[in-house]
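Report on the structure given below.
The values are calculated or read from the model by the stated rules, or taken from the named source; none is laboratory data. Everything quoted here is computed from the prediction, not taken from an experiment. Please note: Cβ atoms are built from the backbone with ideal geometry, for glycine as well, and neighbour counts cover all protein chains shown.
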Amino acid sequence: MPTFSFRALNKKKLLRTPQWETKLAIRLLIGFFVLYMAASFLLVGVSIYFIVDETVPDQPPILTVNQFLVYYFFGELLLRYFLQQLPVTDIQSFLLLPIPKRRIIRNVLLKITLSLYNLGPFLIFLPFAIVLIVKGVAPQQALSWWFSVLALVLSINFLSFFIRKTAWIYPIVGGVLIGLFLEQYEIVPVISGAGQGLQWLYEHPLGVLAPLALLALMGRATARFLIKQCYLDTGLKSRRERVLGMRLHFLDRLGEDAPLIKNDLRLIFRNIRARQVVLMAVLFLFYGLIFFVQDIYAESPMWVFAAIFTTGGFMLTYGQNVPAWDSEYYALLMCQNLSYRGYLKAKWLLMTLSIVVSAILCIPYLYFGLKVYALILAGALFNIGLGTFITLFSGTANRTPIKLNVKAKAFENTQAFNLTQFLFVIPKVLAPVGIFWLGTLGWGFYGGVALLCVFGTAGLLLRNTLLDQVVKRYIKGKYTTLNAFTKTPNV
């Protein structure tokens, strides 16, 4: 079967799926977003030379860039490990057909090589290399350096699949942390040594042969590894994981809501999709570093935006997929002696606990001033009082089930996209910004903080009424949700 037939099959796969028109429209929207991001990264690539030259004028920009490339490669490896996924489903389908395995693997390798994750060298480092040439650097030096970076990025692309099948990620992360420690205390220049190696590749154009040889070796090793794993009953079968026995007795003090909260926590610890989302929620704790450290955003509504995200990361990531997390056994839950109110109250308590924990973990933001942390606490109160209920209410529009033990595919998982649910993000994020702004008009910064607290407190006082309205909405769509979860393929 020639290569173009694989592309034809992918086209048929899109056109034959349910609601393909909606998915096509969503892909077009994602395409416009990707084009916007590509233009942004292209601008960054052109600007790197001038920014570095102005920031570090005492050394050539290429030397500074090479010193930081090690961190870029490490970040790229982590990004691929958590987000990029091998198209196992496609491989399993082709194994049932009379197609040579080597041809299937070549198609898979081509597909992952042409991934969006590999655009970094073209959008960032190629413009930088062109600027180097314009500034007088020999073309063979600049282009050989760029090909070296491209080869190293593609090698990381292949390495990520080995790491996913093994426990290599732990020694790699440990090695980088040890290297940072040794570099920080000037014991052994590990990180700067790697930067000097990249500088050597820049100064010796023929050195590009080493990264190209590494790329060829990694590509061949990945192909051989995938061929050995290319059997339905071995490498591609569902992996059995040891079930974590977690009693979580400390939650028993929550009374009748404890069993359901324990069930959610076990789901998070035992399933890779939920762990991936929770990890993204943890990264939200650092969102304030974007806004709180820049004077241009001082005491502006953008501070509120940061406060909502830093304390509401779990609510915005895990909470927005309620009740889809339980889609694999939702019918069983509905057959139990379980009230919708108890089910939703447990979800609300879990999100509330996460916001409280996030607010405590944000204590280091006191370094930027009392105003910053006061706003974070006000944002946490708003998230508890109103944000959580908006999130639960939006769940009534979320009828796309989730396959728990499969990683989410960035830029590919369009089936889980729900426009109505997306629109509910607007009041969760923009409403507190507007409330704070109104408060500052009359009473200044602390007036905006106080008004946020008033709305959050009002939501807490009316929590039973708000929860009753959410319960009515869920009960009304109960059988529609059950039908969707039992008939729609998991994503």
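List of remarks:
- Residue satisfying condition, being within 16 Å of TYR71 (Cα to Cα) and more than 23 Å from the chain's Cα centre (by Cα), within set LEU143, LEU212, LEU201, LEU182: LEU182
- Residues that are free of Cβ contacts under 8 Å to residues at least 12 places away in the same chain and within 26 Å of GLY448 (Cα to Cα) occur at least once in the stretch 371-381.
- Pair list, Cβ < 6 Å and 6+ apart or interchain, from the stretch 470-491 residues that are surrounded by fewer than 18 Cβ atoms within 10 Å (Cβ to Cβ) and part of a loop (DSSP other than H, G, I, E, B) to residues that are at pLDDT below 80 and not polar (S, T, N, Q): THR488/PRO401; ASN490/PRO401; ASN490/LYS403
- Yes/no for ALA213 being crowded, with 19+ Cβ neighbours inside 10 Å, of a type outside the set (Ser, Thr, Tyr) and assigned to a helix (DSSP H, G or I): no
- Matching entry among LEU460, LEU353, LEU366 (being within 23 Å of SER300 (Cα to Cα) and either modelled with pLDDT of 80 or more or outside any helix (DSSP H, G or I) (or both)): LEU366
- Some residue of the stretch 67-76 being farther than 26 Å from VAL137 by Cβ, surrounded by 13 or more Cβ atoms within 10 Å (Cβ to Cβ) and either at pLDDT 85 or above or not polar (S, T, N, Q) (or both): yes
- Restricting attention to the stretch 164-193, the residues that are surrounded by fewer than 18 Cβ atoms within 10 Å (Cβ to Cβ) and in a helix (DSSP H, G or I) add up to 19.
- Some residue of the stretch 98-108 being more than 16 Å from PHE225 (Cβ to Cβ), of a type in the set (A, V, I, L, M, F, W, C) and either in contact (Cβ under 8 Å) with a residue 12 or more places away in the chain or loosely packed, with under 14 Cβ neighbours inside 10 Å (or both): yes
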